[in-house]
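Input: a single structure, listed below in structure tokens.
The values are calculated or read from the model by the stated rules, or taken from the named source; none is laboratory data. These numbers were taken from a predicted model, which means no experiment stands behind them. Please note: Cβ atoms are built from the backbone with ideal geometry, for glycine as well, and neighbour counts cover all protein chains shown.
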Ligand SMILES: [Zn+2]
């Protein structure tokens, strides 16, 4: 598998790894990767609906409040100043909604990356997160009709659910098997020390 398909970008800093050797390090942040490193990247289309709804709601609500405030200011002259202040405050929400929408548009897609020392993942709009293999256990692929989720437990304390990343049951199963293999390898390595 080509590096571009296997590991299109660095899971730590999301810098593109296109054109680099099979096993090397990220030119931006120095994260090492090897021939066995690979990642599954979700499509951003799945977040598209949420982004647009937030933009529409973020702009529609201030517009409704601005209109109501201005109409009230015309109808009730006594409180005119107050209603104009309300209208201005709501107008300030419009660029904020637009900024949030842009931020989500530019955010990297969700992914799961299997590296030699641990797993990197990103869920929705959170930061890229990293866990060492020795802290990962109970890897479970959950394939339901509409969602393909990979669940794993961290230090037997809390669970991570990675979805919107896998395109097929086969992808999900491959990721689970690969993770299981690495977790076992690291447990074995630890027990020898
Ligand atoms: Zn990097």
Out of 57, 41, report the one residue that is surrounded by fewer than 14 Cβ atoms within 10 Å (Cβ to Cβ) and within 25 Å of the chain's Cα centre (by Cα).
57
If I filter the range 80-90 for residues that are surrounded by 12 or more Cβ atoms within 10 Å (Cβ to Cβ) and closer than 21 Å to residue 125 by Cβ, do I get at least one hit?
no
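On the basis of being under 18 Å from residue 37 (Cα atoms), surrounded by fewer than 16 Cβ atoms within 10 Å (Cβ to Cβ) and assigned by TED's automatic domain parsing to the domain that holds residue 9, does residue 172 make the cut?
no
Residue by residue, here is whether (1) at pLDDT below 95; (2) closer than 21 Å to residue 178 by Cα; (3) outside any loop (DSSP other than H, G, I, E, B) holds:
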site	(1), (2), (3)
1	yes, yes, no
40	no, yes, yes
43	yes, no, no
46	yes, no, yes
49	yes, no, yes
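Using the structure shown, decide if residue 28 is surrounded by fewer than 16 Cβ atoms within 10 Å (Cβ to Cβ), assigned by TED's automatic domain parsing to the domain that holds residue 166 and more than 16 Å from the ligand (Cβ to nearest atom). Break it down into steps so the answer makes sense when it comes.
Working: surrounded by fewer than 16 Cβ atoms within 10 Å (Cβ to Cβ): yes; assigned by TED's automatic domain parsing to the domain that holds residue 166: yes; more than 16 Å from the ligand (Cβ to nearest atom): no.
Judged against the criteria, residue 28 is not a match.
Per-residue answers, yes or no, for (1) outside any loop (DSSP other than H, G, I, E, B); (2) at pLDDT 95 or above:
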position: 12; (1), (2): no, yes
position: 18; (1), (2): no, no
position: 28; (1), (2): no, yes
position: 86; (1), (2): yes, no
Looking only at the range 119-135, how many residues end up being surrounded by 21 or more Cβ atoms within 10 Å (Cβ to Cβ) and touching a helix residue (DSSP H, G or I) at 6+ places or on another chain (Cβ under 8 Å)?
2
Mind checking which residues of the range 1-16 are within 18 Å of residue 128 (Cβ to Cβ) and more than 15 Å from the ligand (Cβ to nearest atom)?
6
